[in-house]
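Q: I am attaching a structure below and will ask some questions about it afterwards.
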């Protein structure tokens with residue numbers, strides 16, 4: 001399983017907003033400059049985040065985007081599933097029953113895939129934006145991400 005740039009950049013964008021907001025909106029232009037990511041690509045990602053209610057836009061000259069919840073209320077799993085879809089390592093573990101293969105009852109490897117899926121979900125569902133901020137602060141001792 002690989003996380004695409006969309007998922008990775010969504011996490012970086014949300015982390016950047018968390019660390020640079022100070023209660024005021026954060027501009028896409030500023031995030032793009034700090035993160036070295038195309039503004040156009042960030043605009044596509046922020047549109048997804050905005051439509052889902054993870055961020056809200058603020059209009060005007062001092063406008064930008066704000067998180068709608070506290071950093072500890074966002075798990076990395078929420079953000080990754082929003083941008084990536086399912087994080088299941090194989091299709092037969094996705095929630096849609098139409099993805100089940102005809103060998104499911106005899107599949108020996110299904111236990112391996114279930115354990116891997118459980119491990120992935122355990123990590124992404126138990127790491128929050130607040131945790132990422134802590135890790136960044138411990139790593140750099142500052143707010144420059």
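The values are calculated or read from the model by the stated rules, or taken from the named source; none is laboratory data. Given the structure is predicted, the values throughout are model-derived calculations rather than measurements. Here Cβ is always computed from backbone atoms with ideal geometry, including for glycine, and neighbour counts include all displayed protein chains.
Q: Return the total of residues in the stretch 5-29 being more than 18 Å from residue 136 (Cα to Cα) and surrounded by 15 or more Cβ atoms within 10 Å (Cβ to Cβ). Spell out the reasoning first.
A: Residues of the stretch 5-29 more than 18 Å from residue 136 (Cα to Cα): 5-7, 23-29.
The next check asks that each one be surrounded by 15 or more Cβ atoms within 10 Å (Cβ to Cβ); those that pass are 6-7, 25-28.
Going through the stretch 5-29 one residue at a time, the tally reaches 6.
Q: Let me ask something else about it. Does residue 67 fit the bill of being surrounded by 15 or more Cβ atoms within 10 Å (Cβ to Cβ), modelled with pLDDT of 95 or more, within 17 Å of residue 124 (Cβ to Cβ) and under 15 Å from the mean Cα position of the chain (by Cα)?
A: Judged against the criteria, residue 67 is not a match.
Q: When the stretch 1-47 is examined, which residues are found to be under 26 Å from residue 89 (Cα atoms), touching a residue at least 40 places away in the same chain (Cβ under 8 Å) and within 13 Å of the chain's Cα centre (by Cα)?
A: 3, 4, 6, 7, 10, 11, 12, 14, 15
Q: Tell me the residue from 85, 23, 53, 64 that is touching a strand residue (DSSP E or B) at 6+ places or on another chain (Cβ under 6 Å) and at positive phi, please.
A: Working: 85 fails: touching a strand residue (DSSP E or B) at 6+ places or on another chain (Cβ under 6 Å); 23 fails: touching a strand residue (DSSP E or B) at 6+ places or on another chain (Cβ under 6 Å); 53 fails: touching a strand residue (DSSP E or B) at 6+ places or on another chain (Cβ under 6 Å).
Testing whether each residue is touching a strand residue (DSSP E or B) at 6+ places or on another chain (Cβ under 6 Å) and at positive phi leaves just 64.
Q: Oh, and also: Hey, among 94, 72, which residue is closer than 30 Å to residue 130 by Cβ, touching a strand residue (DSSP E or B) at 6+ places or on another chain (Cβ under 9 Å) and either surrounded by fewer than 15 Cβ atoms within 10 Å (Cβ to Cβ) or at pLDDT below 85 (or both)?
A: Result of the check over 94, 72: 72.
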